[in-house]
Amino acid sequence: MPRRPPAVARVLERVTKTAHEHEMFRPGDLVLVSCSGGPDSVCLLYSLWHLRRLFKIRLAVFHFDHRLRPDSAKDGAYVRTLAGRLKLPYHLRTAEDRPKKGRSIEAWATVARRNASVEVRNDLGAWSNAEGHTLDDQAETVLLNLIRGSGLEGLTGIEAGHRPHSRLVQPLIDVERAEVEVFCRALHLRPRRDPMNEDRRYLRAAIRHEVLPVLERGTGRGVKGSIARTARLLRRDRDELFAATSKAYVDVVD
């Protein structure tokens, strides 16, 4: 087997560690991989493809066309090509409505995509749905929820692994976006670029391109890892509070 480029090996090592830590996959699982065609999800798809034998999992590819741009269908065609190259089944769903006036486009897009992915996952009998959120996304989400005004749940950020009400997994959650870009270049991949990710009118894009860089320049250090670590610690506190509350409830009811 040819030796993998160092940038690829680093990401695969991180994904392996994260997947084991959160018990994301079981031998024999069919995993539905959400792929927008952007760098993060393309990195996710190729990472899981390279690790599929190690995890003993099967893969299927899912793409959701939000129809928010005139050329959005090209993203689906690109993902279809990737799936064909990797000899994986491909499943496309297209938005049938538009975000209502006054509603956050970002929130609508997330809900619409996840609802569609759950339908496909159930149709296929897949165990889990893998998404390509990175460490950068984690930091952005915590800051976004802080700015909007959020309690403990919002400040815990993106869940890495399964929860009782969800079978979403985030294998790239400990990988930085810069590492994703290097991974794609090392494999000569050319992901699609969504201009909405650069539009500062959207809060997440403003946090990504303006807020986080200012924080890092002002402190002279990277802050994404420490923000993600804060979310992880708060998640532990939340889980302990939930466990204590559940025990107290049982004690009282019994």
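In the list N122, N115, which residue meets the criterion of being within 24 Å of M196 (Cβ to Cβ), at pLDDT 90 or above, part of a helix (DSSP H, G or I) and open to solvent by 40 Å² or more (accessible area, probe 1.4 Å)? Result of the check over N122, N115: N115.
Of the residues in the stretch 44-63, at least one is closer than 23 Å to R185 by Cα, small (G, A, S) and out of contact with any His (no Cβ under 6 Å at 6 or more places or on another chain). Please enumerate the residues belonging to the stretch 201-231 that are without any contact (Cβ under 8 Å) to a residue 40 or more places away in the chain, in a helix (DSSP H, G or I) and within 30 Å of W108 (Cα to Cα). Hits for the stretch 201-231 are A205, A206, H209, E210, P213, V214, L215, S226, R229.
Here G161 does not fit the description of being surrounded by fewer than 16 Cβ atoms within 10 Å (Cβ to Cβ) and either over 28 Å from N129 (Cα atoms) or not basic (K, R) (or both).
Scanning the stretch 180-200 for residues that are open to solvent by 40 Å² or more (accessible area, probe 1.4 Å) and either on the phi > 0 side of the Ramachandran plot or assigned to a loop (DSSP other than H, G, I, E, B) (or both) gives L187, H188, R190, R192, R193, D194, R200. Each residue in the stretch 1-35 was checked for being open to solvent by 70 Å² or more (accessible area, probe 1.4 Å) and within 20 Å of R190 (Cα to Cα), and 3 of them qualify.
Among the β-branched types (V, I, T) and under 23 Å from E23 (Cα atoms): is that true of V79 in this structure? Answer is no for this residue.
The values are calculated or read from the model by the stated rules, or taken from the named source; none is laboratory data. From a predicted model like this one, the values you see are computed outputs, not experimental measurements. Using ideal geometry, Cβ is built from the backbone for each residue, glycine included, and neighbour counts are taken over all protein chains shown. Each accessible area value is taken on the protein alone, full model and side chains, heavy atoms only, with ligands, DNA and RNA left out. Shrake-Rupley method; radii C 1.70, N 1.55, O 1.52, S 1.80 Å.
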